[in-house]
Amino acid sequence: MALKWKTLFRFFISIIRWDEVLTGILMLSLGQAFNQFYGFRINADIFLNLVFWFFLIKVSTSFLEVALSGESGRSIPIDLLHNGSSSNLRLLINQIIWMLSILTAAMSFIPLIHIHDSAGFNHLSIWILSFYYFVNFVFFLEPVQRVMVGMHEFTYAFANAFLLPALLFSIPQDFLKPALILTAFPVFLQLIVLKASENMENCLEGKKIPADSLIARLGSPGALRMIALLSTISGLTLFLETEISGIWYKAFIFTLDCVTAGLYIRSIVKQTPNWKYAYQLTRLLSIAMPVLMIAAVWPF
């Protein structure tokens with residue numbers, strides 16, 4: 001019995017998108033780096049509360065995505081299914097996933113209350129928070145997905161690359177710096193490439209993809225061309241920001257972006273092994289880019 005509970009616990013843990021959790025925490029850290037650069041002080045407990053808030057949001061959306069996609073039943077470990085009760089167990093686990101999604105979404109307001117009590121929220125922060133909840137939950141509705149065809153990757157990238165650092169930067173002051181937008185723009189394009197590549201990988205594996213994804217709108221060949229183009233542009237837009245960070249990390253990221261774009265272009269004709277290499281490089285860049293940006297902006 002204890003072994004089955006451990007298996008069930010590992011199953012629920014595996015649902016959480018830990019890669020997206022890491023990306024979001026890095027983008028919050030980028031906002032904190034801008035606070036430090038411009039001399040705006042923000043307490044460590046506010047930052048940690050925002051990290052906890054984001055983690056709860058990501059757990060909620062991860063469970064919600066699995067519940068709506070119908071993947072929960074197929075991904076249940078086989079050793080949990082026994083004695084002909086598999087259908088009842090699948091239904092029970094799916095109900096638990098729904099409950100956990102609702103519970104963690106409700107719990108996400110707890111760290112916000114702590115931040116409000118200690119520092120408060122200005123009008124800009126409230127607008128950013130509201131829009132972040134809207135983007136993360138409303139776009140799960142299938143009628144919205146049918147209307148917003150091709151916008152799945154865009155909304156994911158916008159919420160993470162722009163809203164998260166802007167939220168943390170806006171708490172000490174009720175405005176944003178243009179340099180923050182210019183610095184985050186390459187990450188925005190890179191996250192579009194990442195999410196489109198991920199949906200492409202799921203499509204190749206026969207998994208369900210969101211109805212509002214680029215893959216559903218453009219098809220595989222068109223999406224690959226778009227991914228290759230955005231990957232190249234992402235490297236070029238690193239040079240838009242010239243006032244804060246140096247050029248050393250930009251040249252490194254731009255080189256990797258060009259290599260990735262080249263592999264994607266070759267994948268249009270030949271899927272293997274170029275596609276796998278391109279996809280792994282894209283995942284690496286989505287982490288390396290914000291890490292190097294933080295290192296370049298943070299006033300050590």
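The values are calculated or read from the model by the stated rules, or taken from the named source; none is laboratory data. Not measured: the values here are computed from a predicted model. For neighbour counting, all protein chains shown are included, and Cβ atoms are generated from backbone atoms with ideal geometry for every residue, glycine included. Quick note on the areas: whole protein, heavy atoms, side chains included, nothing else; ligands and nucleic acids left out. Shrake-Rupley method; radii C 1.70, N 1.55, O 1.52, S 1.80 Å.
Of all residues being at pLDDT below 75, under 20 Å from the mean Cα position of the chain (by Cα) and of a type outside the set (Asp, Glu) in the stretch 210-246, which is nearest to residue 295 (Cα to Cα)? Just the residue, please. Among them, the one singled out is 210. Scan 252, 239 and give me the residue that is touching a residue at least 24 places away in the same chain (Cβ under 8 Å) and either in contact with a Ser or Thr (Cβ under 6 Å, 6 or more places away or on another chain) or outside any loop (DSSP other than H, G, I, E, B) (or both). Going through 252, 239 in turn, just one is touching a residue at least 24 places away in the same chain (Cβ under 8 Å) and either in contact with a Ser or Thr (Cβ under 6 Å, 6 or more places away or on another chain) or outside any loop (DSSP other than H, G, I, E, B) (or both): 252.
Look at the stretch 267-289: where a residue is of a type in the set (A, V, I, L, M) and a partner is open to solvent by 70 Å² or more (accessible area, probe 1.4 Å) and modelled with pLDDT under 80, sitting 6+ places away or on another chain with Cβ atoms under 7 Å, you get 268/221. Number of residues in the stretch 180-226 that are of a type in the set (Gly, Ala, Ser) and open to solvent by 10 Å² or more (accessible area, probe 1.4 Å): the value is 6. Applying the set (1) of a type outside the set (A, V, I, L, M, F, W, C); (2) under 12 Å from the mean Cα position of the chain (by Cα); (3) over 17 Å from residue 290 (Cβ atoms) to residue 195 leaves exactly one unmet item: (3). Starting from the stretch 8-27, take each residue that is open to solvent by less than 20 Å² (accessible area, probe 1.4 Å) and list its partners that are of a type in the set (Ser, Thr, Tyr), counting only C-beta distances under 7 angstrom and pairs at least six apart or across chains. Once the first residue is open to solvent by less than 20 Å² (accessible area, probe 1.4 Å) and sits in the stretch 8-27, its partners that are of a type in the set (Ser, Thr, Tyr) give 15/62; 16/62; 23/286. Residues in the stretch 1-50 that are assigned to a helix (DSSP H, G or I), of a type in the set (A, V, I, L, M), in contact with a helix residue (DSSP H, G or I) (Cβ under 9 Å, 6 or more places away or on another chain) and more than 21 Å from residue 134 (Cβ to Cβ): 3, 8, 15, 22, 25, 26, 30, 33, 46, 48. When you look at residue 110, is it open to solvent by 40 Å² or more (accessible area, probe 1.4 Å), at pLDDT 85 or above and not acidic (Asp, Glu), yes or no? Yes. Identify, from the list 91, 103, 124, the residue that is of a type in the set (A, V, I, L, M), assigned to a helix (DSSP H, G or I) and at pLDDT below 85. On inspection, the qualifying residue turns out to be 91. Residues of the stretch 49-63 that are closer than 15 Å to residue 136 by Cα and open to solvent by 20 Å² or more (accessible area, probe 1.4 Å): 55 alone.
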